[in-house]
Amino acid sequence: MSSEEKAAELTALQAALAAEHAAVYGYGVVGGRIREGRRTEAKAAYDAHRARRDALVREVRDLGGTPVAASAGYALPFPVPDSAAAVLLAAELEDRVAGVYSDLVRASTGGVRATATEALREAAVRAVRWRGGSVAFPGLAERAATPTAPATPTA
C-alpha cells in the first residue's frame with residue numbers, strides 16, 4: 001500500500017470513528033426517549049456502536065494516527081421529544097454510519113475493508129429494522145432520495 005493509499009485509509013478510518021462517536025451519543029438520546037418495548041434493541045445498537053468505536057480507535061493507532069476525540073455534544077438532526085422521533089433518529093444514525101463505512105470500504109484493503117463491509121451491513125440491517133423498509137444501496141448518498149419501501153416506523 002502506498003503512503004497515499006495509507007493516508008486515504010487513515011482519513012476514512014477517522015471519519016468512521018467520528019461517526020461512531022456521534023452514533024454513541026445519538027443512541028444515548030434514543031435510549032432516553034424510546035418506548036419500553038424497543039429499549040433492548042436500542043441498547044444492543046448502542047453497545048454495537050461502542051464496540052465499533054473502540055475497535056476503530058485501535059485501528060487508527062495501529063496506522064500511526066491519533067484517534068479523533070468525541071465531541072462533548074452533538075447537534076441532533078431534529079427534535080426528539082418522544083418514542084416515534086427516537087425511532088426516526090435511530091434510523092438516521094444508522095444511515096449516516098452506513099455512509100461513512102461505504103467510504104471506508106472504498107478507501108481500504110484487506111482486513112480493514114472486510115471489517116468496514118461488515119459494519120456497513122450491520123448498520124444497513126439496523127436501519128431497516130428501525131425504519132421498517134430498505135434502500136437499494138445502503139451507504140450511498142443517493143439512497144435517501146429513493147427509498148424502496150416507505151413505511152411509518154413503529155415507535
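The values are calculated or read from the model by the stated rules, or taken from the named source; none is laboratory data. Model, not experiment: these values are computed from the prediction. Because the Cβ atoms are built from the backbone with ideal geometry, glycine has one as well, and the counts that use them run over all protein chains shown. Accessible surface areas use protein heavy atoms only, side chains included; no ligands, DNA or RNA. Shrake-Rupley method; radii C 1.70, N 1.55, O 1.52, S 1.80 Å.
Taking the Cα centre of region 1-127 as origin and charging only Cβ (+1 Lys, Arg; -1 Asp, Glu), how large is the dipole, in debye to the nearest 20?
Here region 1-127 has a charge dipole of around 280 debye.
Under a 10 Å cutoff between Cα atoms, tell me which one of Asp95, Asp103, Asp47 has the largest fluctuation in the Gaussian network model of the chain.
Checking each option, the largest mean-square fluctuation is seen for Asp47.
Working from Cα positions, state the angle (0 to 90°, nearest 10) between the long axis of helix 83-107 and the longest principal axis of the chain.
Tilt of helix 83-107: around 20 degrees.
Helix 110-131 against the longest principal axis of the chain: what's the angle in degrees, Cα atoms only, rounded to the nearest 10?
With both axes taken from Cα atoms, the answer is about 10 degrees.
Once Rh is set to the Kirkwood radius over Cα pairs, what Stokes-Einstein translational diffusion coefficient, in µm²/s, holds for region 1-64 at a temperature of 10 °C and a viscosity of 1.306 mPa s?
123 µm²/s
With label points built 7 Å along Cα→Cβ from the Cα atoms of Glu36 and Asp62, find their separation and express it in nm.
Spacing of the two 7 Å Cα→Cβ label points: 4.3 nm.
Placing one identical point scatterer on every Cα of the chain and ignoring solvent, what is log10 I(q)/I(0) from the Debye formula at q = 0.16, 0.19 Å⁻¹?
Each listed q corresponds, in turn, to -0.85, -1.14.
Express the carbon and sulfur contribution to the solvent-accessible surface of the chain as a percent, rounded to the nearest whole number, probe 1.4 angstrom.
57 percent
Normalised radius of gyration for region 53-96, please: alpha carbon Rg relative to 2.2 N^0.38 Å, two decimal places. Let's see the in-between values first.
Values: Rg = 14.7 Å, N = 44, 2.2 N^0.38 = 9.3 Å.
Rounded to two decimals, the normalised Rg is 1.59.
Evaluate region 74-118: find the radius of gyration of its Cα atoms, find its Kirkwood radius, and give the ratio Rg to Rh.
1.18
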